[in-house]
Amino acid sequence: MKFFLDTGNIEEIRRINRLGLVDGVTTNPSIIAKEGRPFKDVIQEIASIVSGPVSAEVIGLSVEEMLQEARELAAWAPNVVIKLPLTENGLEATYRLSQEGIKTNVTLVFSAAQGLMAAKAGATYISPFIGRLDDIAVEGMKLIRDLKIILDNYRLDTEIIAASIRSIGHVEQAAIAGAHIATIPGSLLPTLWKHPLTDAGIDRFLKDWEKVPKA
Ligand code: E4P
């Protein structure tokens, strides 16, 4: 499974990147707004640190607006991927961008049918939102499982980004379900390597080590 960081925070990206764990980065307008810096500056700085795909989202809602923005964003760095919402216009823009060889990430996917539409339109990635489905008492992970089966059934190349991840369990279950990628908040990812028994084990080893006779 590839790990993307779902953040615009440079410190979080640098920290996790030092461990070789950042395969890409996803952003959205809410994430960018938290940084208090121009969109272009944030994306270009991330793209200079991370060699994998960096998703930047369009704001326009018409096909022409999306295409115009997408072409501009794609010119910011060679590894920028265009994030588009799953609407009729978003699907048309995805199809047209795929014809131009521009990579896309179709976001706000909440049903298997939506995911299949995006894959057929030529999306490089689709982002089903687990946490937001869980929030409305619908099992988000079922969507990941269903989409994995559907993409495999038809040998579609689109990769599933398990998005809106809120817990370690989400990451583990998405990996078991075969999601190609999990995009993980920068604040959550460091908790993946933590376990209280690991800390307790180190403490005990160090205490026992004190009992070893010094030569
Ligand atoms: C995906 O690319 C989105 O940026 C993100 O996962 C949304 O997550 P949220 O529901 O926590 O805002």
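Readers should treat all values here as calculations from the given coordinates under stated rules, not as data from a laboratory. Note that the coordinates shown come from a computational prediction; the quantities given were computed from them, not determined experimentally. Backbone-built Cβ (ideal geometry, glycine too); neighbour counts: all protein chains shown.
One table, with the values for the structure above:
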quantity: Test: residue in region 53-68 that is closer than 23 Å to Leu5 by Cβ and part of a helix (DSSP H, G or I); calculated: no
quantity: Number of positions in region 128-160 that are touching a strand residue (DSSP E or B) at 6+ places or on another chain (Cβ under 9 Å), of a type in the set (A, V, I, L, M, F, W, C) and under 11 Å from Ala177 (Cβ atoms); calculated: 6
quantity: Among the candidates Glu45, Glu12, Glu64, residue that is within 16 Å of the ligand (Cβ to nearest atom) and either of a type outside the set (Lys, Arg) or over 18 Å from the mean Cα position of the chain (by Cα) (or both); calculated: Glu12
quantity: Candidates Lys34, Lys2 - the one that is without any contact (Cβ under 8 Å) to a residue 60 or more places away in the chain and either within 16 Å of the ligand (Cβ to nearest atom) or of a type outside the set (A, V, I, L, M, F, W, C) (or both); calculated: Lys34
quantity: Test for Lys83: is it in contact (Cβ under 8 Å) with a residue 12 or more places away in the chain, crowded, with 22+ Cβ neighbours inside 10 Å and either under 23 Å from Leu192 (Cα atoms) or within 16 Å of the ligand (Cβ to nearest atom) (or both); calculated: yes
quantity: Subset of region 169-205 [closer than 18 Å to Phe129 by Cβ, more than 13 Å from the ligand (Cβ to nearest atom) and surrounded by 11 or more Cβ atoms within 10 Å (Cβ to Cβ)]; calculated: Glu172, Gln173, Ala175, Ala177, Gly178, His180
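A quick yes/no check of all residues on (1) in a helix (DSSP H, G or I); (2) without any contact (Cβ under 8 Å) to a residue 60 or more places away in the chain; (3) crowded, with 22+ Cβ neighbours inside 10 Å; (4) within 10 Å of the ligand (Cβ to nearest atom):
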position: Tyr95; (1), (2), (3), (4): yes, yes, no, no
position: Asn105; (1), (2), (3), (4): no, no, yes, yes
position: Gly115; (1), (2), (3), (4): yes, yes, yes, no
position: Pro128; (1), (2), (3), (4): no, yes, yes, yes
position: Gly131; (1), (2), (3), (4): yes, yes, no, yes
position: Ile144; (1), (2), (3), (4): yes, yes, yes, no
position: Leu147; (1), (2), (3), (4): yes, yes, yes, no
position: Ile150; (1), (2), (3), (4): yes, yes, no, no
position: Asp157; (1), (2), (3), (4): no, yes, no, no
